[in-house]
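What follows is one structure encoded as structure tokens, with my remarks underneath.
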Amino acid sequence: MKETITLLENLFCTQTLINAVFSNPRKKEAVNKIIAKPLKINNTLLFQFEVFKNNKALHYNIPIEGLSQFISDNCVDFKQVQIFSLKFDYQILINKKGTEIMKKNPPTKKLTSLDHNKMKNYILNEDTSKEFLIELGIMSKDGQIKPSKYNKYKQINKYLETISSVITDLNQNFYSIVDLGSGKSYLTFAVYHYITNICGKETKIIGVDLKTDVIEFCNELAKKLNYNNLEFIAGDINNFDMENVDIVISLHACNTATDAVLFKAIKWQSKAILAVPCCHNECYTQIKNELLFPILQYGILKEKIASFITDGLRAKLLECIGYNVVVSEFIDMEHTPKNILIKAMSNEFSFNPKIYKEYTQLSNFLELNLTLENLLKQSKII
């Protein structure tokens, strides 16, 4: 692909390249498509390659010196390359022997800004959070987000946007926060960093998870970062208790673990709840309805319906005890299918029988007996 590489180098150096699309792979199991475009980071001009495979996109920022090697390693199995520049569009067809046939046409695209604004618009970026992101293994020492951590990086930043709105609404100088099912705790560390180092406010955050080895690692990392008011505790969510909690957060607590999170937050009368549920097996195994059977007989459709029903009913229960609830898309589907965020802000804690009736009518219609309602009944909250 010598002609293609030479053309890209020339267009890159003259800053007339808009982008290039490698498509139509010879092998079905190979990368589906690669898009290359120029990108300026800290006044350095780079190639950004977006590599699409198995419905995932990985990003690589490559200096011009590494262009030839990257294309040789990743792009030789494509039958076609389309290159768009300010002066011409190029269509390149490549046969099995590697021979390139190039056609040149009038330009069809315009050049946009090369500045890496996308990174700068994130709450966590090189300016605000470089040391923290490096310690967490998300960013390399040269200030680049690692390709394998790119989706996680976007998830955390998107979650922090919501945290930011909660912090603004509550408008306190100190926040007591619990992360239930904290796992590897990228989110927990990010929230602590955001509140203390970016917002300049005080917080005490506790992360709770079953895995003792993960808890030990997180506590060591918290000490290394001098996060003195960040603590991790090994234990079951159901057995954990505390008082005066302002915010309860949870990212991808599996199945009924999300119900345990919501129940604890309700019991503590937490001022804000931010939960991104994971799987919804409980509803999937229970849901029955003669009228809906023609749809529910298809597993993939039943799975999606079960997830929407579960989170919708969770929202209704939160509303019926006095929370203002918003259910929104947490992040683009391409980054994770687990992308529903339940945000609940306390209003006035009082039982609303009308909303609960809406809940029970739908629940009975689908023959459901779900965990969150049972926990609230047992505690005589509803």
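Throughout, read-outs are computed from the coordinates displayed, never taken from laboratory work. For clarity, every value in this text was computed on a predicted model and none was experimentally measured. Here the Cβ positions follow ideal geometry from the backbone for every residue, glycine too, while neighbour counts run over all protein chains shown.
Taken about its Cα centre, the chain carries a charge dipole of about 1400 debye when Lys and Arg each add +1 at the Cβ and Asp and Glu each add -1 at the Cβ. Sparse packing (at most 11 other Cβ atoms within 10 Å of the Cβ) combined with a DSSP loop state is found for the following trypsin sites (Lys or Arg not before Pro) in region 298-382: LYS380. Evaluating 6.51 cos²θ - 1.76 cosθ + 1.60 at θ = phi - 60° for every residue in region 54-59, the Karplus couplings come out as 6, 6, 10, 10, 10, 10 Hz, glycine and proline recorded as x. Rg and Dmax of region 2-115, both derived from C-alpha coordinates alone, stand at 13.5, 40 Å.
The Cα atoms of the chain cover 74, 57, 37 Å along the three principal axes, with the biggest extent listed first.
Computed over the chain, relative contact order equals 10 percent, with contacts defined as Cα pairs under 8 Å that lie 6+ residues apart. Cα centroids of region 71-113 and region 137-181: 39 Å apart. Measuring r between the beta carbons of LYS357 and GLN269 and using R0 = 25 Å, the FRET efficiency lands at 0.60.
Taking 0.36 nm per residue of sequence separation and removing the Cα-Cα distance, the ASP236/THR99 pair yields an extension gain of 43.1 nm.
For region 279-320, GluC sites (Glu not before Pro) are listed when DSSP marks them as loop and at most 15 other Cβ atoms sit within 10 Å of their Cβ; the list is GLU290. When only alpha carbons are used to place a centre, region 277-334 and region 187-212 end up 29 Å from one another.
Residues VAL31, VAL81, arranged from fewest to most other Cβ atoms within 10 angstrom of their Cβ, appear as VAL31, VAL81. Could you tell me which trypsin sites (Lys or Arg not before Pro) in region 66-175 are loop residues by DSSP with no more than 14 other beta carbons within 10 angstrom of their beta carbon? Sites meeting the loop and neighbour criteria: LYS87, LYS96, LYS97, LYS109, LYS110, LYS141. Highest mobility in the GNM of the chain, judged by mean-square fluctuation with C-alpha springs under 10 Å and restricted to LEU291, LEU160, LEU210, is found for LEU291. Comparing GLU131, GLU348, GLU231 in a Gaussian network model of the chain, where Cα atoms under 10 Å apart are tied by springs, the biggest mean-square fluctuation is seen for GLU348.
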